[in-house]
């Protein structure tokens, strides 16, 4: 009797779920969701090809671009965005030597938080190569106060945290423009609010960050490359790929070594199979 009652209750639940599912599907078909400005005017990131792309990609092929990207970060992005997971000594991975890394650390605009050993009060000290890049803002409250109530995200893992990674960063930096008249004509309520900036590569089309790269020559590259807005965006995107995965080349090397080992092992295993069963009639 208990089993019968349990079966009836189970069938009742299944029936209710089936009705709910049918109602949801029918509602989507009969009354589809109204189109939104974000859905119609959001653009997929532009293509970007970097030396680190693909299974054979690496950073050693183009350390100059990574150094240019670091220069763009230092002179433009570092005013708002931190690199809290990257140490100064890690910069040796993109071609800087120990002396250069030490100079970069000591000359960095923001010093490391510390404590005065005599008074116990908060203090700062110069950066050393072993230090991580210091935070731009002490806390979220300070970050909001300086950025129109928006918190600039840390860039250490940004190309891993965003779909399309480097292509998204590159497209976002070069995608600022005036809001199209077609959008306002079709969606009058979608006008970009004051204090925000229209960018079709951003998820909701409007973001608090003003265009960081505004004019050609905003950065003077040490290697003589012409610093167009497009070039600077590509370079800093490449640099942020490195900050997100500085051991990329080692991972590729280990991966290919594993593939070769497995291939050789399979060949030897097949040879052993033939040897063991050579006298057996199949």
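Restricting to segment 182-217, name every residue that is farther than 21 Å from residue 152 by Cα and either surrounded by fewer than 17 Cβ atoms within 10 Å (Cβ to Cβ) or touching a strand residue (DSSP E or B) at 6+ places or on another chain (Cβ under 7 Å) (or both). Walk me through how you get there before you give the answer.
Within segment 182-217, the first condition is being farther than 21 Å from residue 152 by Cα, and the residues that meet it are 182-191, 215-217.
Hits for segment 182-217 are 182, 184, 185, 186, 187, 188, 189, 191, 215, 216, 217.
A single entry from 106, 179 fulfils the requirement of being outside the structural domain of residue 241 (by TED's automatic domain parsing) and either part of a loop (DSSP other than H, G, I, E, B) or surrounded by fewer than 18 Cβ atoms within 10 Å (Cβ to Cβ) (or both): 106. Just one of the numbered conditions (1) part of a helix (DSSP H, G or I); (2) under 25 Å from residue 230 (Cβ atoms) is not true of residue 152: (1). Would you check if residue 13 is outside the structural domain of residue 224 (by TED's automatic domain parsing), over 30 Å from residue 180 (Cα atoms) and either assigned to a helix (DSSP H, G or I) or in contact with a helix residue (DSSP H, G or I) (Cβ under 6 Å, 6 or more places away or on another chain) (or both)? Taking the combined requirement at face value, the residue satisfies it. Against the numbered list (1) under 30 Å from residue 206 (Cα atoms); (2) touching a residue at least 40 places away in the same chain (Cβ under 8 Å); (3) surrounded by 11 or more Cβ atoms within 10 Å (Cβ to Cβ), residue 47 comes up short only at (3). Scan segment 155-172 for residues that are in a helix (DSSP H, G or I), surrounded by 14 or more Cβ atoms within 10 Å (Cβ to Cβ) and out of contact with any helix residue (DSSP H, G or I) (no Cβ under 7 Å at 6 or more places or on another chain) and jot them down. Once the filter is applied, which keeps residues that are in a helix (DSSP H, G or I), surrounded by 14 or more Cβ atoms within 10 Å (Cβ to Cβ) and out of contact with any helix residue (DSSP H, G or I) (no Cβ under 7 Å at 6 or more places or on another chain), segment 155-172 yields 167, 168, 171, 172. Tell me, please, whether a residue that is touching a helix residue (DSSP H, G or I) at 6+ places or on another chain (Cβ under 7 Å), part of a helix (DSSP H, G or I) and within 23 Å of residue 91 (Cα to Cα) can be found in segment 128-137. Scanning segment 128-137, I find no residue that is touching a helix residue (DSSP H, G or I) at 6+ places or on another chain (Cβ under 7 Å), part of a helix (DSSP H, G or I) and within 23 Å of residue 91 (Cα to Cα), so the answer is no.
The values are calculated or read from the model by the stated rules, or taken from the named source; none is laboratory data. These numbers come from a predicted model, not from an experiment. Note that each Cβ is placed from the backbone with ideal geometry, even for glycine, and that neighbours are counted across all protein chains shown.
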